[in-house]
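The values are calculated or read from the model by the stated rules, or taken from the named source; none is laboratory data. Note that the structure is predicted; figures quoted are calculated from it, not measured. FYI the Cβ positions are ideal-geometry reconstructions off the backbone, even for glycines, and counts take in every protein chain you see.
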Amino acid sequence: MMLPMKRSLLFLLLLVCTTAWAQPDPPALPWAALSAEEQQVLEALRAKWEQLPEGAQQRLQRSARRYPNMTSDQRERLAQRVQKWNGLAPERLAKMREHYAQFQQLAPEQREHLRAAFQRFRSLPPAQRQALREKFEQASPDERRAFITGGATQQHAGAAREFIDSIAPEQGRPTREMLRALTPGERHAFFQQWRALAPEQREEYRQRVLQMTAEQRADVLR
C-alpha cells in the first residue's frame with residue numbers, strides 16, 4: 001500500500017534528482033585529476049565528465065579505483081551506472097547541477113536533514129520510490145523549493161517558539177533585540193544549540209550569549 005505523501009517524504013523528491021545530495025559536499029573533480037587507470041575504466045564518460053555533479057564524479061572515481069578488485073557482477077553494475085550517466089541529456093545534467101548548487105546554499109542542518117531523508121527514501125520499495133519521483137516531476141518550481149526548506153523551517157520555528165515561551169517577561173525585550181541583531185544563520189545556530197542543552201542549562205546559555213559582543217556571537221554561532 002502506498003504510504004501517505006507526508007512532508008518528510010516530499011523532501012526526498014528533490015534528492016532523487018541527484019543522489020550526490022546524499023553525500024558530504026565534495027569539490028569538483030577535473031578529468032585530468034583521474035589516474036590513467038581510472039580514465040580507462042570511465043572512458044565512456046570523458047566527453048560528459050565536466051557536466052556531472054561533483055558527488056557523482058567522486059563516487060565514480062572511487063568505483064574506478066576499486067575496479068581491479070571487483071567481481072564480474074560488480075563490474076557489470078558499474079558499467080550500467082556509466083551507461084546511465086552517459087545517456088542523460090545535457091539539459092538534464094544542467095538541471096541536476098543547478099539543484100546541487102541550490103543544495104550547497106542550504107544551512108548545514110538542512111542538508112543533514114535531507115541526507116537522512118534520502119536514506120529513508122532508499123529503504124522504500126521500488127514502486128513507492130517511483131511514485132515519489134513522478135510526484136516530484138509534476139511539481140512546480142515553487143513547490144520543489146518548499147519541499148527542500150519546509151521541514152527544516154518547521155523545526156526552526158518550533159525551537160524558536162519553545163525558546164520564547166521559556167523566557168521570563170522582563171527578559172523578553174533584550175533577548176528579542178539580541179535575536180534581531182543576529183544573522184539568519186546565527187539565529188538558526190543559536191536555537192539549535194539552545195535546544196540541544198539540558199533544560200537546566202538553557203537559561204545560563206541564553207544569558208551568556210546575551211552578554212557577548214557581536215563579534216563573540218558570530219564566532220560562537222558560526
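Miscellaneous remarks
- Residue ranges of helices (runs of 4 or more DSSP H) in region 1-110 with at least 2 members at pLDDT below 90: 7-15, 54-66, 90-104
- Test: residue in region 169-182 that is surrounded by fewer than 17 Cβ atoms within 10 Å (Cβ to Cβ), at pLDDT 75 or above and outside any helix (DSSP H, G or I): no
- Checked against the criterion of being modelled with pLDDT under 80, closer than 26 Å to Glu112 by Cα and surrounded by 14 or more Cβ atoms within 10 Å (Cβ to Cβ), region 201-222 has no qualifying residue.
- If the condition is being among the basic types (Lys, Arg) and under 17 Å from Arg176 (Cβ atoms), then region 186-203 contributes Arg187, Arg202.
- Residue check for Gln130: at pLDDT 65 or above, part of a helix (DSSP H, G or I) and loosely packed, with under 13 Cβ neighbours inside 10 Å: yes
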